[in-house]
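The values are calculated or read from the model by the stated rules, or taken from the named source; none is laboratory data. Keep in mind that what you see is a predicted model, and the values were worked out from it rather than measured. When we count neighbours, we look across all protein chains shown, and the Cβ atoms used for this are built from the backbone with ideal geometry, even at glycine.
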Amino acid sequence: MAQILGDYPIFGSEIHCPQCHRTIPALFLTDTYICPKHGAFEANPHTQELIHIQSGQSWRQWENQWHRQHPCPDGLRFEIAEALDRLYRQGYRATQIIIAHRYQELLASSLTNHSDWFQPFYFIQYQLYGVPVAFSPDSSAEPRWQIINFELETEPGEPKNYTYPFLRAWR
């Protein structure tokens with residue numbers, strides 16, 4: 001049995017497609033998984049990444065959840081906007097977005113500076129879509145931040161300051 005498992009890619013004989021979440025099989029004796037909707041994904045045993053062959057997009061897994069690894073800010077901003085929209089539909093609002101430290105430079109131009117009027121030189125807070133942003137601790141202190149992209153701190157209620165356009169249709 002151990003030999004048979006060794007003939008499949010690193011994530012086993014089947015996984016959930018990171019895009020549509022349906023169960024997809026591995027090709028025996030390869031490092032490839034095939035989704036009938038999204039095509040081939042290749043598992044890289046050295047980086048522990050799953051790479052979509054057509055687009056080059058890559059994912060890493062943390063606690064059985066796939067997390068896309070973003071090379072540019074647009075994809076990450078869109079992922080955060082989708083998460084905020086899901087929260088809003090569930091009756092919650094985000095009070096803070098905690099973004100993986102590895103994205104701090106990548107997102108620098110996307111964040112807005114907001115300082116309290118009485119503390120202009122002492123307290124600068126970054127915001128994205130009107131929600132305060134903080135960055136995670138270094139990933140050496142918390143290894144999950146090597147893989148996950150962001151977390152939302154939430155509370156029940158409608159958004160107070162969301163500034164992205166597709167939420168306006170819900171109000």
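When the test is whether a residue is farther than 17 Å from ARG68 by Cα and surrounded by 13 or more Cβ atoms within 10 Å (Cβ to Cβ), PRO25 passes it. Residues in segment 30-54 that are among the hydroxyl-bearing types (Ser, Thr, Tyr) and modelled with pLDDT of 95 or more: THR32, TYR33. Taking the criterion of being within 15 Å of GLU79 (Cβ to Cβ) and assigned to a strand (DSSP E or B), the residues of segment 49-68 that qualify are SER58, TRP59, ARG60, TRP62, GLN65, TRP66, HIS67, ARG68. The set of residues from segment 69-107 being assigned to a helix (DSSP H, G or I) and either touching a Ser or Thr at 6+ places or on another chain (Cβ under 7 Å) or acidic (Asp, Glu) (or both) comprises PRO73, ASP74, ARG77, GLU79, GLU82, ASP85, LEU87, HIS101, ARG102, GLU105.
Conditions tested, residue by residue: (1) surrounded by 13 or more Cβ atoms within 10 Å (Cβ to Cβ); (2) in contact with a Cys (Cβ under 7 Å, 6 or more places away or on another chain).
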residue	(1), (2)
GLY12	no, no
HIS21	no, no
LYS37	no, yes
HIS52	yes, no
PHE78	no, no
ARG86	no, no
GLN90	no, no
ALA94	yes, no
